[in-house]
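The values are calculated or read from the model by the stated rules, or taken from the named source; none is laboratory data. Please read all numbers here as calculations on a predicted model, not as lab measurements. All Cβ positions, even for glycine, are placed from backbone atoms using ideal geometry, and neighbour counts span all protein chains on display.
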Amino acid sequence: MISDRERWNRRYAEQAELPPPNPLLIEAFDRWIAPRFPHGGRALDLAGGRGQNSIYLLERGWHVKLIDASDAAVHQARDRAKDACLTLDCEVEDAGSFLARNSAGTFDLVMVFAFLDRKLWQGIRRALRSGGLLVYKTYTLDNLQFGRGPSNPDYLLRAGELCEEFSDFEILHSNETSSEPAVAELVAIHR
């Protein structure tokens with residue numbers, strides 16, 4: 001049986017071009033991140049893959065820590081940042097292990113895209129400093145109808161689940177779509 005790391009390594013090895021940063025990150029940066037942190041800050045890109053979102057923040061003066069279980073993805077992210085004369089702090093590590101050893105209140109921003117492990121939600125809370133921002137976007141159960149993306153319901157959000165889970169945060173933006181791709185997105189301030 002192939003491990004998750006091997007599966008992701010194969011997937012990333014097959015992808016040549018770096019995708020653009022997630023549109024939610026671009027919108028969140030202009031509307032909430034830059035006004036709140038005009039001089040930058042420390043960000044965590046959890047399960048950050050090949051680093052397109054990390055690089056977007058690095059180009060805007062942020063210090064970014066990228067965590068991903070795929071060594072192929074992390075090497076690509078580090079190389080792409082280096083090619084752009086940027087320094088990306090990255091680690092090949094399981095997100096749960098990283099969050100378990102991370103000191104509380106380390107990050108001004110935590111971003112999570114296309115990744116869901118409910119066991120990590122408390123660790124995400126601990127990683128964010130008070131007043132820090134969470135930018136989260138991932139697939140919902142509605143996405144099963146399209147036959148693309150995760151097929152295991154354990155990795156898909158139920159309707160309203162993301163907002164419910166982070167209801168103790170000040171929610172700045174929340175949206176769910178049922179068209180392809182069916183996703184939920186959230187931008188919120190840790191109180």
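Among the residues of region 20-34, those that are touching a residue at least 40 places away in the same chain (Cβ under 8 Å) and among the hydrophobic types (A, V, I, L, M, F, W, C) comprise L24, L25, A28, W32, I33. At least 1 residues being under 22 Å from P181 (Cβ atoms), of a type in the set (A, V, I, L, M) and at pLDDT below 95 is the threshold, and among the helices (runs of 4 or more DSSP H) wholly inside region 22-97 those reaching it are 71-83.
Residues in region 135-189 that are aromatic (F, W, Y) and within 21 Å of G48 (Cα to Cα): 4 in all.
Residues that are more than 22 Å from R60 (Cβ to Cβ), among the hydroxyl-bearing types (S, T, Y) and within 14 Å of the chain's Cα centre (by Cα) within region 109-143 comprise T138, Y139, listed in sequence order.
Can you find a residue that is more than 23 Å from N152 (Cβ to Cβ) and out of contact with any helix residue (DSSP H, G or I) (no Cβ under 8 Å at 6 or more places or on another chain) anywhere in region 91-100? No, region 91-100 has no match at all. I'd like to know if region 55-68 contains one or more residues that are within 20 Å of L116 (Cα to Cα) and in contact with a Phe, Trp or Tyr (Cβ under 6 Å, 6 or more places away or on another chain). Checked region 55-68: at least one residue is within 20 Å of L116 (Cα to Cα) and in contact with a Phe, Trp or Tyr (Cβ under 6 Å, 6 or more places away or on another chain).
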